[in-house]
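Here is the structure we will look at.
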Amino acid sequence: MTLPSDDLAGALAALLALPRADQPEAVRALLARMPPAADEPWNSAFGPGSLYEAFTQTTAARGVHAANRAVLRPLLDARPGFRVVDVGGGAGTLWNGLLRADDRGEIVVVDPHPDGATGVRRAVPPGVRVTHIAAPVQQAALPDADAIVCSLMLHHVAGADAAARAAVGLPGAGKREVLAAFRAAITARGGRVLLNEADVYCDVGLAPGDPLLADRLLDSYVRRFAVSLARDLHGCVDPELRARWIAILRDWSLAQVGLAAGASYAERDVYELDVVSWLDLIARAGLRVEARGFTDRWLLFHQYVLGVG
Ligand SMILES: C[S@@+](CC[C@H](N)C(=O)[O-])C[C@H]1O[C@@H](n2cnc3c(N)ncnc32)[C@H](O)[C@@H]1O
């Protein structure tokens, strides 16, 4: 029997009342009762109508962007002709309503997705030049910057550092090397790094198939994100947005628990750290935490404002 969308909050509450060891199986059972995945053209891009654009309208995502705008606006005011590097720009949501018509400056978007700068371009006034480095940040030469924004992106880079990656057979730079490159890019201008990530450990220290990995993924994707999204759904009267949010809940939240928990290191694409691990890594990259805090009341996403240590 397919589950009506109005019953989702109740179904989630029942699931989360179970012993934690039983919750991954209950996630699979709930998924089987949800509307099946359609062939969704909105699932693969960032533009209007995409699932990603619907994600940016959730309470959890809005908290991230609002917190970043609150830090960036005074920083840009103090630096006319600013240069900001937006790493993993995505739909460009951060920039919606942030800049004024008379702002002058430059935004360098680093994002391997071919549309990675389209949303940013749409959102900024003509006096702000947008350039796109269409490459993973690990391969990009970063220019000197007044600010680097790296929002919900660094979890795509597996491993705390290159050594942690090498230990599981992955070549190349890990998170610490990327943070060190950010440090180098903000040093000349005395700039800041804005980092946003979920507070949950699911990095390479947890091997594919480890039951603890499924539990940690469930912690962020279900115990925090799905529950907050169910609350959003309860208040949403737009049928089209509801359909996209339900697809997100099914495909990005519940399904992610099983998929990511079983995927090989090379296939998994979420490698989060908890707040304490981030703080350790930030210090090891030579950066100093000037401010930090959760940006939603589900204690899912954490914002770190960083300067040169
Ligand atoms: C979850 S989205 C976040 C978008 C946006 N920053 C936000 O906060 O809404 C992740 C973005 O990071 C990009 N991305 C993934 N791997 C990356 C990498 N290695 N270097 C730079 N960007 C990457 C994706 O293409 C996508 O645009």
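The values are calculated or read from the model by the stated rules, or taken from the named source; none is laboratory data. Small disclaimer: the values here were computed from a predicted structure and weren't measured. Glycine gets a Cβ as well: all are built from the backbone with ideal geometry, and neighbour counts include every protein chain shown. Note: accessible area is taken over every heavy atom of the protein model, side chains too, but ligands, DNA and RNA are not part of it. Shrake-Rupley method; radii C 1.70, N 1.55, O 1.52, S 1.80 Å.
Quick notes on this one:
- Residue match in segment 74-94 (condition: basic (Lys, Arg) and in a helix (DSSP H, G or I)): no
- Checking each residue in segment 11-44 for being farther than 17 Å from Ala255 by Cα and either modelled with pLDDT under 75 or more than 27 Å from the chain's Cα centre (by Cα) (or both) picks out Ala14, Ala17, Leu18, Pro19, Pro41, Trp42.
- Screening the candidates Asp215, Asp232, Asp210 for the property of being surrounded by fewer than 16 Cβ atoms within 10 Å (Cβ to Cβ), outside the structural domain of Val168 (by TED's automatic domain parsing), of a type in the set (D, E, K, R) and modelled with pLDDT of 90 or more yields one hit, Asp210.
- Qualifying residue in segment 148-159 (condition: more than 13 Å from the ligand (Cβ to nearest atom) and open to solvent by 20 Å² or more (accessible area, probe 1.4 Å)): no
One line per residue, one yes/no per condition, for (1) open to solvent by less than 20 Å² (accessible area, probe 1.4 Å); (2) within 11 Å of the ligand (Cβ to nearest atom):
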| site | (1), (2) |
| --- | --- |
| Gly49 | no, no |
| Ala54 | yes, no |
| Val71 | no, no |
| Pro74 | no, no |
| Ala78 | no, no |
| Leu94 | yes, yes |
| Leu98 | yes, no |
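- Near pairs, Cβ below 9 angstrom, 6+ apart or cross-chain, from segment 285-305 (of a type in the set (S, T, N, Q)) to any residue that is in a loop (DSSP other than H, G, I, E, B): Gln303/Thr295
- Residues being open to solvent by less than 10 Å² (accessible area, probe 1.4 Å) and outside any loop (DSSP other than H, G, I, E, B) - total across segment 109-120: 4
For every residue, the table says whether it meets (1) more than 19 Å from Pro80 (Cβ to Cβ); (2) part of a strand (DSSP E or B); (3) out of contact with any His (no Cβ under 9 Å at 6 or more places or on another chain).
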position	(1), (2), (3)
Arg122	yes, no, yes
Pro125	no, no, yes
Arg129	no, yes, yes
His132	yes, yes, yes
Ala135	yes, no, yes
Ala163	yes, no, yes
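- Residues that are open to solvent by 70 Å² or more (accessible area, probe 1.4 Å) and farther than 23 Å from Ala207 by Cα within segment 254-297 comprise Arg284, Arg288, Glu290, Arg292, Phe294, Arg297, listed in sequence order.
- Condition check for Ser264 on (1) more than 16 Å from the chain's Cα centre (by Cα); (2) of a type outside the set (Val, Ile, Thr); (3) assigned to a helix (DSSP H, G or I): one failure, at (3).
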